[in-house]
Every structure is written in C-alpha cells, then in structure tokens.
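Take a look at the structure set out below.
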Amino acid sequence: MIFVKSMKSQFTRTILQWNRTQNNREMPWKGEKNPYHIWLSEIILQQTRVEQGRAYYNRFIKKYPTVFKLAAAPEQEVFKLWEGLGYYNRCRNLLYTAREIVQRYNGIFPDQYEEIIQLKGVGPYTAAAIASFAYNLPYAVVDGNVFRVLSRFHGVDTAIDSTAGKQLFTALAAKMLDKKFPGEYNQAIMDFGATVCKPMVPSCSHCPLQNNCAAYQTGMVNRLPVKEKILTRKTRHFTYFIFEYEGKTFTRQRTGKDIWQGLFEFYLAETEKSQKWTVTSVTAWLEEQLGPQSLKILAISSPESQQLTHQQINGCFIRVSLKKMPALLSSGNWVTPKGLSALAFPKLITKYLSEKYKP
DNA sequence: AACTCGGGGTT
DNA sequence: AACCCAGAGTT
C-alpha cells in the first residue's frame, strides 16, 4: 500500500514559498477574517487598483463598522462615500446585499460558497475570495492577476475573455490551488501577479518561477495573456445647465440604463454634435425649452471632457440665473449649496464644481 | 456570447 | 493612445 499525499505542484509550492519569504505587500484587509470586511473590500476592488480602493475601504469601515450600520444607511449617503470610485452599480448592490444579510441572514454572513455567490454583486471571483479568506474553503480566485500568471507560466494563449478561456483558466486555477491553505494561496498568487508577474514590465529576471515558466522559456511573456475583444469608444456631447433660483440649484438623479446610474447631475441636454454655445444660442435654446423666461446667463464654461472605458464624454457647463420658476423645472430637486455637497456626482461634474463653480 | 457598467495609473 | 485594474449584471 502506497500512500500518495496530495501532490503539490512546483508552481503551487513556489507561490507559497514566495509569499512567506518575499511578499511584503501590505493592505488593510489582508489577514482579515471578518466576512463583512472581506466582502466590502472585494466589492471595492472589482476592476479597481488596490491603491485606488484603499482609502475608500478605510472610510467605509470607519463609517460602517458593521453590516448593520451599512444596511441602515440612506442610499444617498452610501453613494456619496462611493463617489469617484466608478462602476456605481457596485454601490447599489452593496447596499442591497447589506440589507439582505441583515434581513434574511440576521446579520450573519453566509459561509457556504453556493449561498455567497447568490448575493447580488458577488460573482465567481468574489465568492471564491470570501469563501477562501473568511472560511478557508478550497475555491480558487480567478482575477486579472491569476489569468496573467497562469497563462504565462503554462504558456496558454486561449483568450481570457472568451468563454473557453474562462472555463480553461478556472479549471487550471482550481488545479493549482493549495487545498490546505486556499486563503493564503489565493492571496499569494494575486500579490505575485501584482508585484512580480506584472502586465507590462514583469520582473522575470528575479522571478522564482523563471525556470519553469513556459512564456519566459519561449519568449512569449509580453504576448500573454491573450485578449480577443477590441475596445470601441463612442463620443457623446453633454451640455449641463446649472439653473439657480433663489439660492438653490436644480439637480436630478440619473435613473436610466446608462452611465452614472444613481448619481446626480444638473439639467442635461445631450446633443449629437459638439455645441459651441454663445449667449445668443443659449438664450434661444432655453426659450425654446422653457418658454419665454426672465433669465441671465452667468457663465459658459470652456469644454470639459472625461474619458470612460467605452465612452468619451465632452461636456459644457452653463450657469443660468432664473427670475421665475419655469413649470418644466418646478418638480425638480432644488438644493441649497450645502445640499449640493451631500449629493454624489460623476467626476466630470465634481471636477467642474471644485475648479470652476464659485457661486 | 456580446455589451455595458468609471476612473485612474503605467507604459 | 493603449492597456490594465482583486468583475459582475444584463440582454
């Protein structure tokens, strides 16, 4: 009778060894066992660099130390804390799930993968992260780091954004996972990808996997991983009218299925083409929209722009002082300057407000 | 399976 | 300018 202990691959052993001897990456949530904190950190970190998410995580933990605190918070307040981080559906789902955990699970975070992955905003990556970090369950994370490390080490050129690629790398990640230390291993491979096997300039010269790395041995490091989808970007033209009436400003919340859902903005006119507004053209346009008005154009901003992943937004801000309340705007959300500062806006607007808007 | 959801750092 | 980032939801 021969006892075969579960054979750890050289890859897995090296990753763990590297983690224990050379990994000096520090993050506030590292080693965290509180599933609420882990979940929060993972939602924040989806498609977000660690350095960008760090301050948000600290602010959320400070303001909402427990899931009960978060669940009880008003949506606007949570959005304000999320402001500037992007992908705002994450924020909406965050609050939804916090409330579900309180109501359905009595505030106790589920501890089974199948339950965790059913939470809104939690997909395969996040479920594996929570399951392994909080409960040491043997689920392998597959994030951008893991795609990169595995595709290079194994020399796999299947596109990571294809269905076949996702399946292949998920299976490969599960195979490489250290079943005894899944949490530590998951953390280690991501840290390794972020600090050694980096996207553009990987540190192959002092990589502990160099000798067995297929990509390094064949000179394919800078060609892996493979992506097949091509990014297209469309240009949109936004004109924001900042209507001011008796010390208050018109705002509205974006609700449509579009960018910045849940955030606030001013009165928006989107046009097919770029507009070069003048006092005359603005006045004419406003009369057409609102009817004859007694108003004053206070300022027309120079062109502003913001680059999103799939869109280029060109914007112009026009401040308008109103003497009377037009019917079209009467049902709007008119806020004081203080109220304005409590609302979450897209970056295009916060940038304008901080730099150009001095009432 | 394709599309869409931000904002910012690195090269 | 292109690529990437501790991905997920919708159609």
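Quick notes on this one:
- Out of A:F147, A:F109, A:F169, A:F153, sole residue that is modelled with pLDDT of 95 or more and within 9 Å of DNA strand C (Cβ to nearest atom): A:F147
- Residue tally, condition over 26 Å from the mean Cα position of the chain (by Cα), open to solvent by 40 Å² or more (accessible area, probe 1.4 Å) and not β-branched (V, I, T), over the range A:300-322: 2
- Verdict on A:R99 being farther than 30 Å from A:H310 by Cα, at pLDDT 95 or above and open to solvent by 70 Å² or more (accessible area, probe 1.4 Å): yes
- Among (1) over 15 Å from the mean Cα position of the chain (by Cα); (2) open to solvent by 30 Å² or more (accessible area, probe 1.4 Å); (3) within 14 Å of DNA strand C (Cβ to nearest atom), the one test that A:R54 misses: (1)
- Of the listed requirements (1) more than 30 Å from A:V320 (Cα to Cα); (2) open to solvent by 60 Å² or more (accessible area, probe 1.4 Å), A:Q275 misses just one: (1).
- Within the range A:173-185, the set of residues being of a type outside the set (D, E, K, R), buried (at least 20 other Cβ atoms within 10 Å of the Cβ) and away from DNA strand C (no atom under 13 Å from the Cβ) comprises A:M176, A:L177, A:P182.
- Matching option when the condition is among the aromatic types (F, W, Y), near DNA strand C (Cβ under 10 Å from one of its atoms) and in the same structural domain as A:Y185 (by TED's automatic domain parsing), among A:W18, A:W29: A:W29
- Boolean, A:P199 is away from DNA strand C (no atom under 14 Å from the Cβ), in a loop (DSSP other than H, G, I, E, B) and at pLDDT 95 or above: no
- Cβ-Cβ under 6 Å pairs, at least 6 apart or on other chains, the range A:114-127 side over 14 Å from A:I101 (Cβ atoms) and assigned to a helix (DSSP H, G or I), far side within 14 Å of DNA strand B (Cβ to nearest atom) and open to solvent by 90 Å² or more (accessible area, probe 1.4 Å): none
- Counted as qualifying within the range A:264-346 are the strands (runs of 3 or more DSSP E) with 2 or more residues that are within 16 Å of DNA strand B (Cβ to nearest atom), namely A:267-271, A:304-307, A:311-322.
- Of all residues in the range A:68-85, those that are within 19 Å of A:G339 (Cβ to Cβ) and basic (K, R) have Cβ atoms under 6 Å from Cβ atoms of residues that are modelled with pLDDT of 95 or more and surrounded by 19 or more Cβ atoms within 10 Å (Cβ to Cβ), 6 or more apart or on another chain, in A:K80/A:A344.
- The requirement of being more than 16 Å from DNA strand B (Cβ to nearest atom), under 30 Å from A:T12 (Cβ atoms) and at pLDDT 95 or above is satisfied by A:E115.
- A:S151 satisfies every condition listed in (1) more than 22 Å from the chain's Cα centre (by Cα); (2) small (G, A, S); (3) surrounded by fewer than 23 Cβ atoms within 10 Å (Cβ to Cβ) except (3).
- The criterion of being in contact with a Leu (Cβ under 7 Å, 6 or more places away or on another chain) and either within 21 Å of A:D157 (Cα to Cα) or not in a helix (DSSP H, G or I) (or both) does not hold for A:I230.
- Tallying residues that are buried (at least 19 other Cβ atoms within 10 Å of the Cβ) and among the hydrophobic types (A, V, I, L, M, F, W, C) within the range A:197-220 yields 5.
- Qualifying residue in the range A:123-136 (condition: away from DNA strand C (no atom under 14 Å from the Cβ), surrounded by fewer than 18 Cβ atoms within 10 Å (Cβ to Cβ) and under 28 Å from A:Q10 (Cα atoms)): yes
- One residue stands out among those in the range A:347-359 that are open to solvent by less than 60 Å² (accessible area, probe 1.4 Å) and assigned to a helix (DSSP H, G or I): the one that is nearest to DNA strand C (Cβ to nearest atom), which is A:L348.
- Residue within the range A:323-330 that is surrounded by 12 or more Cβ atoms within 10 Å (Cβ to Cβ), assigned by TED's automatic domain parsing to the domain that holds A:L268 and within 32 Å of the chain's Cα centre (by Cα) present: no
The values are calculated or read from the model by the stated rules, or taken from the named source; none is laboratory data. All values reported here derive from a predicted model rather than from experimental measurement. Neighbour counts are summed over all protein chains in view; Cβ atoms, including those assigned to glycine, are modelled from backbone coordinates with ideal geometry. To get the accessible areas, we keep the full protein, side chains included, count just its heavy atoms, and leave off ligands, DNA and RNA. Shrake-Rupley method; radii C 1.70, N 1.55, O 1.52, S 1.80 Å.
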